[in-house]
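See structure below.
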Amino acid sequence: MPRDLYYLPTSAPCRSVLLTAKAVGVDLNLVHTDLVQGAHLKPDFLKMNPQHCIPVLNDNGFVLSESRAICSYLVDQYAKDDSLYPKDPKKRALVNQRLYFDIGTLYQRFVDYYLSIIYLGQAPDPARFSKLEEAFQLLDKFLEGQTWAAGDNLTIADFDLVTSVSSAETFDFDVSKYPNVVRWYSNAKKAIPGYEEINHKGCVQYRQRWEKFSSKNK
């Protein structure tokens, strides 16, 4: 059965879905969706996803957007066990909290600061940068005394957060100021299946875009 993922390799949310699919052993038909060219605004795409955002999963007619929902679905539907997204209410709640923290705080503040510069041409905003630093301080606190983002086991919360952290680092954010994040980040690079081929490769492309933008605006 076809499982189409509409995506961009540079997108952090798309990369978290790809990492999850890799971990649970699901093959995806990757449909490159160029936002600059307006692929997300075409009638067929809008019919599938009125939010006109990526990633979007079409699993044999079941359509789902929002990366964190897609990651949860992939584990519930296809994983051999629930280790990546525990069914235990308290363990799952902690994973969810980290996912919500990322979408509403860490990743959102990355978007607010960096992507407003590169895509909207806005001047760097010190207040927004301070908010991003605060988000990293919070993540550092969450990781205090534990191996992974939501406890002692690798979960989709780690897949999600690592794409945000690596994206910020790609844009020259100094991650080294947060010791617990550094420790966790180093472990994540080694433990997450497909990290190099999926996440690092996407970050390299992201970096090229950032350097091209920076060179034009010197």
Would you be able to say whether some residue in the stretch 144-161 is outside any helix (DSSP H, G or I), at negative phi, of a type in the set (S, T, N, Q) and free of Cβ contacts under 8 Å to residues at least 12 places away in the same chain?
yes
In the stretch 148-171, what count of residues is obtained for those that are more than 16 Å from Val111 (Cβ to Cβ) and either touching a His at 6+ places or on another chain (Cβ under 9 Å) or open to solvent by 10 Å² or more (accessible area, probe 1.4 Å) (or both)?
6
Of the conditions (1) in a loop (DSSP other than H, G, I, E, B); (2) open to solvent by less than 60 Å² (accessible area, probe 1.4 Å); (3) out of contact with any Lys or Arg (no Cβ under 8 Å at 6 or more places or on another chain), Val36 fails just one. Which one is it?
(2)
Name the single residue, out of those in the stretch 170-191 being among the hydroxyl-bearing types (Ser, Thr, Tyr) and assigned to a helix (DSSP H, G or I), that is farthest from Leu139 (Cα to Cα).
Thr170
Just to verify a result, which residue in the stretch 192-218, among those that are assigned to a helix (DSSP H, G or I) and over 18 Å from the mean Cα position of the chain (by Cα), is modelled with the highest pLDDT?
Gln208
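Would you check if Gly38 is over 17 Å from the mean Cα position of the chain (by Cα), at pLDDT below 95 and under 25 Å from Phe171 (Cα atoms)? If you could, list the steps in order and put the result at the bottom.
On the way: over 17 Å from the mean Cα position of the chain (by Cα): yes; at pLDDT below 95: yes; under 25 Å from Phe171 (Cα atoms): yes.
Considered against the rule, which asks whether it is over 17 Å from the mean Cα position of the chain (by Cα), at pLDDT below 95 and under 25 Å from Phe171 (Cα atoms), Gly38 comes out as yes.
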Here the residues within the stretch 57-100 that are touching a residue at least 40 places away in the same chain (Cβ under 8 Å), among the aromatic types (Phe, Trp, Tyr) and not in a helix (DSSP H, G or I) are Tyr85
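The values are calculated or read from the model by the stated rules, or taken from the named source; none is laboratory data. It should be emphasised that the depicted structure is a prediction, and the values quoted were computed from it without experimental measurement. Backbone-built Cβ (ideal geometry, glycine too); neighbour counts: all protein chains shown. Heads up: the accessible areas ignore ligands, DNA and RNA and are worked out on the full protein's heavy atoms, side chains in. Shrake-Rupley method; radii C 1.70, N 1.55, O 1.52, S 1.80 Å.
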